[in-house]
Amino acid sequence: MDRRYQGQRRKNFPSSSSFNSSTGFRSNQTKSTKVSNFSINTPKNENNSINIHGGRNTKQEDEVQAEAIVGTCPFMCPEDERVQRQRLRDLAFFERLNGDPSKSSPVLAVKKFCRTMSAKQVQASEVRPLLVLEDTLNYLLNFLDSKEHPFEVIHDFVFDRTRSIRQDLTMQNIVNDRVVHMYEKMVQFHVISHHKLRSSCTSSSISSVHYLNLEQFTKALTSLYNLYEVNRGSNSTFGNEAEFYSFYVLLHLDSDGQATGESLSLWFRRVPSSIIKSREMCFARRVLRYFRMGNYRRFLCAAAKASYLQYCIIEPYIDQVRAFALCCINNCGYKLHPYPVMHLSKLLMMEESDVELFCNACGLETCTDEVGNKLLPTKQTTFNRPKEGFQRYSFLGLEQLERQIASFNI
């Protein structure tokens, strides 16, 4: 059974690529993360056929959608594809029977995503019906609980196979509420991956993997918004809809308002009023406002009230905000009055031991007074944001969030 969780002028914090150690503000050459153009209106292709599931339409994809076949494949992977991939030894680690790269089975093999798809070549026996797709998705998401393999290995497999699921849904043009729940699960997968890839991937690989995950995250989210609209009854919303709409707002934390598609002000006009007034959306708007104002104290206090999925999106910016706060305190503090580390701990919502490590990572030294209190001397000229990024530090006030993480189940 599906156990779903319940759930302007910019005075910005410094980005990792453009931090000025003397001022703490962005330079004019900052490159912001590009967020795909979201639309809650149902997009249509050249043939005026509905494209609910997102992605860029090609002529071939238009033809496939226009013919909207009904899949009959009873397995997670069509038999012909499985046989061919066995022959080519093209089996993922999780698909191999007893570890043999040339052998698989119907209960292990999962259909791969195919970038080139011709409508004339697609047969009903190669497309999985909705029930099989639901079972396949649940099977894939079970891998997220595995502790035996690095997360990037699991992500690579699930990432590709969930794209294939979306492809089969597109070819059949299925848009009911069951598909809404499937897309919610796939968006959750990309959100969790957005968080976990930062700690599991090496610095050399995280950039490309993280970018590809964000790209599919935004595409799946766009499709989900369209599905919400198609399935919306009079004055009704889906249980988790408000939280999923809040993701769009939170994705603008790393944006300078350039190349982000539709502006937030225009986007908000098309969001249902019940969603705008929801607790989840109010939280997202509040966090974004504090971030853009440079109000680090309120940002950190608000971040502690995030849901698990919301925290997965904003977590990369927490240490960025802390570094900005530390820069302000170092530059603006009185020279003869060092700042107590205990007060910094409360301000930055960190353990005192982590505060010292954080200060050292930013090039600042701490000292101890005659009674043993830890202090941060201000006006140090050595402040510098580490190029390799920050390690993971504690975040006080997240007891409720930690309970969510422990019980979270896609």
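Before moving on, here are some points about what is shown:
- Matching residues in segment 164-201 - criterion: being within 20 Å of Y317 (Cβ to Cβ), touching a Phe, Trp or Tyr at 6+ places or on another chain (Cβ under 6 Å) and at pLDDT 95 or above: H190
- Residue-level analysis places T237 among those that are closer than 22 Å to V187 by Cα, among the β-branched types (V, I, T), open to solvent by 10 Å² or more (accessible area, probe 1.4 Å) and part of a loop (DSSP other than H, G, I, E, B).
- Selection within segment 93-107 - in contact with an Asp or Glu (Cβ under 8 Å, 6 or more places away or on another chain) and buried (at least 18 other Cβ atoms within 10 Å of the Cβ): S104
A quick yes/no check of all residues on (1) in a helix (DSSP H, G or I); (2) among the aromatic types (F, W, Y):
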| residue | (1), (2) |
| --- | --- |
| H149 | no, no |
| F159 | yes, yes |
| S164 | yes, no |
| D168 | yes, no |
| E184 | yes, no |
| H190 | yes, no |
| H195 | yes, no |
| R198 | yes, no |
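Per-residue answers, yes or no, for (1) at pLDDT below 90; (2) surrounded by fewer than 16 Cβ atoms within 10 Å (Cβ to Cβ); (3) within 19 Å of F75 (Cα to Cα); (4) among the charged types (D, E, K, R):
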residue: A124; (1), (2), (3), (4): no, yes, yes, no
residue: L144; (1), (2), (3), (4): no, no, no, no
residue: K147; (1), (2), (3), (4): yes, yes, no, yes
residue: T162; (1), (2), (3), (4): no, no, yes, no
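- Among the conditions (1) under 18 Å from the mean Cα position of the chain (by Cα); (2) open to solvent by 10 Å² or more (accessible area, probe 1.4 Å), the only one that Q172 does not satisfy is (1).
- Residue within segment 330-347 that is within 22 Å of K196 (Cβ to Cβ) and surrounded by fewer than 18 Cβ atoms within 10 Å (Cβ to Cβ) present: no
- Criterion: at pLDDT below 90 and not aliphatic (A, V, I, L, M) - qualifying residue of E388, E356: E388
- Complete set of residues in segment 175-189 that are touching an Asp or Glu at 6+ places or on another chain (Cβ under 7 Å) and open to solvent by less than 20 Å² (accessible area, probe 1.4 Å): M182
- Failed condition for V153, given (1) farther than 30 Å from G239 by Cα; (2) assigned to a loop (DSSP other than H, G, I, E, B): (2)
The values are calculated or read from the model by the stated rules, or taken from the named source; none is laboratory data. Please read these numbers as outputs of a predicted model, since none were measured by experiment. FYI the Cβ positions are ideal-geometry reconstructions off the backbone, even for glycines, and counts take in every protein chain you see. In case anyone asks, the SASA skips ligands and DNA or RNA and just uses the protein heavy atoms, side chains included. Shrake-Rupley method; radii C 1.70, N 1.55, O 1.52, S 1.80 Å.
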